[in-house]
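Colleague: Handing you this structure, nothing more for now.
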């Protein structure tokens with residue numbers, strides 16, 4: 001824990017106070033959009049027409065959120081997002097763990113080549129793949145389907161490399177001792193390797209779930225019907241162009257954001273671990 | 001910028017330092033008073049957790065005393081920033097800026113004080129020469145060995161020509177051989193710089209060989225201050241008696257060595273195996289080290305170590321022997337306070 | 001030699017799922033896009049005409065692409081330096097052992113919970129001239145907020161998008177930089193302090209240099225995000241406001257509602273590949289440029 005000094009004994013009262021003031025000010029600025037959105041979402045319909053810009057938490061009601069839920073069919077949207085995100089997360093974990101195991105513990109001809117292959121995929125942005133994938137999915141007849149949404153996302157190089165990093169820290173002797181005991185690869189994977197990297201897997205799972213939940217470009221490319229629509233691309237349908245109905249958009253946004261807020265608060269530590277996996281060591 | 005009027009004496013008066021609040025408060029330093037004279041090489045010696053580092057940090061200005069006063073020269077510095085105290089500090093891990101060259105590291109304290117580029121370079125060069133670093137000035141810490149890094153840290157400290165040097169276990173990250181060499185160099189540096197040095201360590205060999213005076217601490221309390229010889233020959237407390245000296249002094253329970261109600265201590269080199277008279281004991285273990293022999297005995301359940309010349313006759317394991325010591329080499333301590341009872 | 005082949009079946013079995021998915025949906029598109037990039041097709045994607053490799057140059061040089069590229073660079077120039085500075089500023093501000101600091105840290109991280117769509121919609125409503133809160137509060141200072149509204153004024157539209165984007169990325173930057181700050185050894189600060197360095201000097205001599213690799217990483221991520229800006233454009237401005245269309249980014253050019261290349265898979269691919277190349281160059285430049293000043297620890 002390294003904080004710059006000037007925070008312990010050597011901070012005088014007035015400097016501490018000044019810092020608190022600054023902290024509060026910044027916090028207000030950062031939270032303002034969220035607070036404003038929340039207030040507007042909790043305003044009743046008539047109230048948002050009469051007093052659209054009032055920020056006071058009075059006369060709060062869930063009516064607008066209920067209306068947004070109904071009109072935007074948010075329940076279905078959320079369910080779709082949830083389903084897709086969960087399946088993709090599981091898929092990514094499985095494919096990453098398997099691939100990482102192969103790269104970390106096995107030796108085979110072509111290993112270098114395959115590794116380079118994986119490495120190369122890191123450079124390719126989503127924008128590039130969507131054009132062709134759209135056509136591929138279309139020719140498979142998977143437009144407007146769950147499999148169309150899910151399958152292309154089931155493997156990521158990031159996930160593979162992340163897990164591989166952890167696997168590489170498993171001491172070689174452990175593997176060799178297990179081999180001497182006749183422990184096969186899959187058992188070693190299940191009983192030794194995976195348990196050892198559980199925190200990383202947790203971070204990867206959280207990260208993948210969030211990333212899939214937040215996807216915009218891919219769903220917008222292949223989903224056009226109402227049945228399979230996900231929350232990110234479905235929200236904008238609440239925009240009717242009618243200024244008086246904007247509170248529906250706000251309410252919908254709050255509902256859409258709520259699950260993620262809860263998930264992140266619950267899994268803060270994994271989030272930090274996931275985000276810093278690539279950053280701190282450069 | 002120095003407040004020290006030329007005399008770099010450090011005075012700690014009844015200094016106490018506590019951390020935490022209420023029930024969870026811990027006292028790291030408890031009512032310690034020490035005077036470090038101008039040009040002293042004062043060693044703060046003690047096991048980890050005894051408060052020596054905290055004391056050092058208070059002198060440097062990294063912590064503020066909870067109670068008591070600290071004076072550098074004639075100035076009370078309790079609430080004065082390190083910047084104004086004219087103190088330089090060498091950290092255990094050297095704390096070198098990894099992105100700066102050795103030269104830039106050494107120049108840093110001068111840069112902070114607004115010295116001109118030429119001035120800085122000249123002074124850095126002098127400091128580097130004093131420590132044999134001239135060839136390495138362009139390298140970054142990552143490209144230097146442990147010993148070289150340590151010297152850069154030292155050079156950075158001396159470049160300011162401060163009144164007081166604070167050193168926090170600067171040798172403990174070096175390997176044994178290097179440690180021995182650097183010890184001698186530090187003593188030499190002290191002489192050449194005519195500096196006042198406050199030096200923290202847990203290694204009693206360093207304390208005994210380098211210091212002009214030693215302050216032994218344990219659990220926040222000052223046990224004894226004196227010259228290395230004084231703390232060795234006349235330990236004030238059982239703690240000091242057993243902390244200094246390897247193997248440690250044999251402090252025997254009441255009644256074992258003498259008929260008295262005091263604890264009696266005798267150093268292994270002063271303990272003798274006598275032919276007649278003395279305390280009976282059985283030999284448990286013999287360690288022949290080449291230049292000396294250690295005979296480890298059991299006297300009524302107490303472990304007693306006897307040190308004798310390599311040439312002396314070596315007893316058998318299991319043999320019954322008698323232990324005795326000359327009066328001059330017997331140290332007596334109060335069994336309750338564990339303080340020395342003067343003869 | 002034999003041993004290497006012995007593990008081959010298991011290895012292939014384990015790698016197959018990832019390799020197949022990545023192959024079909026990442027590598028194949030990469031290659032195929034390059035091929036498609038010199039075709040010009042009609043709405044159905046069939047009946048393509050070969051435009052030759054020169055098509056890449058033509059599209060790159062076209063007004064639309066240049067315009068989009070210009071806009072995208074503008075967006076990046078606005079979001080990255082400010083985003084970084086704010087992230088670092090907030091991280092340093094909150095990097096103290098003060099009571100209740102955990103609360104502030106959570107607040108500063110909170111925007112990481114917003115998706116691009118959510119953040120964009122939040123700002124969309126916030127900036128509406130008639131009912132939005134920002135115009136209501138500040139239109140005295142900035143009349144443009146109400147007339148015609150930040151998102152509808154060609155000069156302010158992109159900065160408004162940038163504002164939304166900076167806010168949305170704040171949480172991410174804050175978290176990453178805060179984590180990096182924890183890794184700076186306290187003794188470096190103490191040493192500087194004892195040597196007389198004040199807060200700002202410590203910041204420039206200890207904090208910033210030690211943050212080097214992290215700043216590089218964050219700047220690459222933020223720049224990539226800026227160059228991939230699609231959802232925020234779609235939701236905030238729809239690529240407008242017309243007729244200047246100052247918010248049309250390259251990604252929007254490719255996929256947007258009002259995109260010119262919407263139905264021509266050839267041109268789409270050309271643009272997409274060009275975007276890919278731009279991103280590559282960017283990453284390269286950033287790594288080289290910042291790498292010189294970055295220290296990777298001893």
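Since every read-out is calculated from the coordinates, none of them should be taken as a lab result. These numbers were taken from a predicted model, which means no experiment stands behind them. Cβ placement follows ideal geometry from the backbone for every residue including glycine, while neighbour counts extend to all protein chains displayed.
Colleague: What nm distance separates the two modelled labels at residue B:284 and residue B:35, each placed 7 Å from Cα along Cα→Cβ?
Modeller: Distance between the two pseudo-spin positions: 4.5 nm.
Colleague: Then there's this: Determine, for B:234, C:268, the number of other Cβ atoms within 10 Å of each Cβ, and report the residues in order from fewest to most.
Modeller: Values: B:234 14, C:268 26.
Least to most surrounded, the residues fall as B:234, C:268.
Colleague: Under the Kirkwood approximation applied to all pairs of distinct alpha-carbon atoms, what is the hydrodynamic radius of region B:284-343 in Å? Intermediate values should be presented prior to the final figure.
Modeller: Working: mean 1/r = 0.0741 Å⁻¹.
After inverting the mean inverse Cα-Cα distance, the result is 13.5 Å.
Colleague: Still on this structure, please answer the following. Please report, in whole Å³, the volume per residue of the convex hull around the C-alpha atoms of region A:185-280.
Modeller: Details: hull volume 15.9 nm³, N = 96.
That works out to 166 Å³ per residue.
Colleague: Also, quick follow-up: Starting from the eigenvalues of the Cα gyration tensor, five times each then square-rooted, give me the equivalent ellipsoid semi-axes of the protein assembly as shown, largest first, whole Å. Walk me through the numbers on the way to the answer.
Modeller: On the way: eigenvalues 908, 241, 149 Å².
After diagonalising the Cα gyration tensor, the semi-axes are 67, 35, 27 Å.
Colleague: Give the span of region C:147-208's Cα atoms along each principal axis, as three whole-Å numbers ordered largest to smallest.
Modeller: 56, 22, 12
Colleague: Can you tell me the alpha carbon radius of gyration of region B:10-239 divided by the globular rule-of-thumb value 2.2 N^0.38 Å?
Modeller: Working it through for region B:10-239, the quotient is 1.02.
Colleague: Sort out for me the Cα centre separation of region B:188-261 from region B:6-44, rounded to whole Å.
Modeller: Taking the Cα centre of region B:6-44 as reference, the centre of region B:188-261 is 18 Å away.
Colleague: Return a whole-number percent for the relative contact order of chain A, with Cα pairs under 8 Å and 6 or more residues apart as the contact set. Intermediate values should be presented prior to the final figure.
Modeller: On the way: 247 pairs, mean separation 84.4, N = 282.
Relative contact order comes out at 30 percent.
Colleague: Report, as a whole number in µm² per second, the diffusion coefficient that Stokes-Einstein gives for region C:61-104 at 4 °C and 1.567 mPa s using the Kirkwood radius over alpha carbon pairs.
Modeller: Numbers: Rh = 13.0 Å.
Roughly 100 µm²/s, to the nearest whole number.
Colleague: Here is a follow-up. What are the semi-axes of the equivalent ellipsoid of region B:249-333, taken as the square roots of 5 times the eigenvalues of the Cα gyration tensor, listed largest first and rounded to whole Å? Can you show the working numbers first?
Modeller: Values: eigenvalues 87, 36, 23 Å².
Working through the eigenvalues yields semi-axes of 21, 13, 11 Å.
Colleague: Cut-off is 10 Å between beta-carbons; in what order do A:69, A:213 appear when sorted fewest neighbours first? Before the final figure, lay out the partial values.
Modeller: Numbers: A:69 18, A:213 23.
So the ranking, lowest neighbour count to highest, is A:69, A:213.
Colleague: Continuing with this model, one more query. Please tell me the relative contact order of chain B in percent, rounded to the nearest whole number, where contacts are Cα pairs under 8 Å and at least six residues apart.
Modeller: On the way: 725 pairs, mean separation 55.9, N = 343.
Computed value for chain B: 16 percent relative contact order.
Colleague: Placing one identical point scatterer on every Cα of region A:73-238 and ignoring solvent, what is log10 I(q)/I(0) from the Debye formula at q = 0.11, 0.16, 0.18, 0.19 Å⁻¹?
Modeller: -0.54, -0.95, -1.10, -1.17
Colleague: Between residue B:121 and residue C:8, what is the label-to-label distance in nm when each label sits 7 Å out along the Cα-to-Cβ direction?
Modeller: Modelled inter-label distance: 6.4 nm.
Colleague: Let me ask something additional. Per-residue mean of other chain beta-carbon atoms within 10 angstrom of the beta-carbon, peptide C:122-135? Mind showing how you got there, number by number?
Modeller: On the way: counts 11, 2, 6, 12, 6, 0, 4, 1, 5, 11, 6, 11, 4, 1.
The mean count of partner-chain Cβ atoms within 10 Å per residue comes to 6.
Colleague: To the nearest 10 degrees, how steeply does helix B:146-158 sit against the main Cα axis of chain B, on a 0 to 90 scale?
Modeller: Compared with the principal axis, the helix lies near 60 degrees.
Colleague: To the nearest 10 degrees, how steeply does helix A:13-41 sit against the main Cα axis of chain A, on a 0 to 90 scale?
Modeller: Roughly 80 degrees, rounded to the nearest 10.
Colleague: What are the semi-axes of the equivalent ellipsoid for region C:7-90, taken as the square roots of 5 times the Cα gyration tensor eigenvalues, largest first, in whole Å?
Modeller: Numbers: eigenvalues 228, 183, 18 Å².
Semi-axis lengths for region C:7-90 are 34, 30, 10 Å.
Colleague: Which percent of the Cα-Cα distances in region B:22-144 go past 21 Å?
Modeller: On the way: 4034 of 7503 pairs.
For region B:22-144, the share of Cα pairs beyond 21 Å comes to 54 percent.
Colleague: Work out the mean other chain Cβ neighbour count within 10 Å for the residues of C:268-278 and drop it here as an integer.
Modeller: If you average over the peptide's residues, the count of other-chain Cβ atoms is 3.
Colleague: Using a cut-off of under 17 Å, list every residue of region C:20-39 whose amide N is near the label point 7 Å from the Cα of residue C:66 along the Cα-to-beta-carbon line.
Modeller: Nothing falls inside the zone, counting backbone N under 17 Å.
Colleague: Where does each of C:88-96, B:63-71 land if you order them by average Cβ count within 10 Å, highest first? All intermediate terms of the calculation are to be shown ahead of the outcome.
Modeller: Working: C:88-96: 20.6, B:63-71: 17.6.
Ranked by mean Cβ neighbours within 10 Å, highest first: C:88-96, B:63-71.
Colleague: Work out the mean other chain Cβ neighbour count within 10 Å for the residues of A:25-35 and drop it here as an integer. Could you put the intermediate results ahead of the total?
Modeller: Numbers: counts 0, 8, 8, 1, 2, 12, 4, 5, 13, 9, 1.
Taking the mean over all residues of the peptide, I get 6.
Colleague: Which residue fluctuates the most in chain A, going by a Gaussian network model with Cα springs under 10 Å, if the choices are A:64, A:121, A:95?
Modeller: For chain A, modelled as a Gaussian network with Cα springs under 10 Å, the answer is A:121.
Colleague: Sort C:191, B:33 by Cβ crowding within 10 Å, fewest neighbours at the top. The partial results should precede the final answer.
Modeller: Numbers: C:191 30, B:33 13.
So the ranking, lowest neighbour count to highest, is B:33, C:191.
Colleague: Once you have the alpha carbon radius of gyration of region C:209-269, what is it after dividing by 2.2 N^0.38 Å, with N set to its residue count? Could the numbers behind the result be given before it?
Modeller: Details: Rg = 15.2 Å, N = 61, 2.2 N^0.38 = 10.5 Å.
So region C:209-269 has a normalised radius of gyration of 1.45.
Colleague: For chain A, compute Rh as the Kirkwood radius over C-alpha pairs and then the Stokes-Einstein diffusion coefficient at 4 °C and 1.567 mPa s; write the answer in µm²/s, rounded to an integer.
Modeller: On the way: Rh = 22.6 Å.
Roughly 57 µm²/s, to the nearest whole number.
Colleague: Once Rh is set to the Kirkwood radius over Cα pairs, what Stokes-Einstein translational diffusion coefficient, in µm²/s, holds for region C:63-291 at a temperature of 4 °C and a viscosity of 1.567 mPa s? Walk me through the intermediate numbers first.
Modeller: On the way: Rh = 19.3 Å.
It diffuses with D of about 67 µm²/s by this estimate.
Colleague: 7 Å from Cα along Cα→Cβ at both residue B:21 and residue C:57: what's the point-to-point distance in nm?
Modeller: Going by the 7 Å Cα→Cβ label model, 7.3 nm.
Colleague: Also, I was wondering about something else. With a Cα-only, solvent-free Debye model of region A:1-137, what are the log10 I(q)/I(0) values at q = 0.10, 0.16 Å⁻¹?
Modeller: Each listed q corresponds, in turn, to -0.84, -0.98.
Colleague: Okay, moving on. Could you tell me, in Å, what Rg and Dmax come out for the Cα atoms of region A:111-205?
Modeller: In order Rg, Dmax, the Cα atoms of region A:111-205 give 17.8, 51 Å.
Colleague: Relative to the present Cα-Cα distance, how much length would full extension add between residue B:342 and residue B:246 at 0.36 nm per residue of separation?
Modeller: On the way: separation 96, 0.36 × 96 = 34.56 nm, distance 2.36 nm.
Length gained between residue B:342 and residue B:246: 32.2 nm.
Colleague: Follow-up question, since we're still on this one. Rounded to the nearest 10 degrees, what's the angle between the helix A:246-266 long axis and the longest principal axis of chain A, both from Cα atoms, 0 to 90?
Modeller: Between helix and principal axis, roughly 40 degrees.
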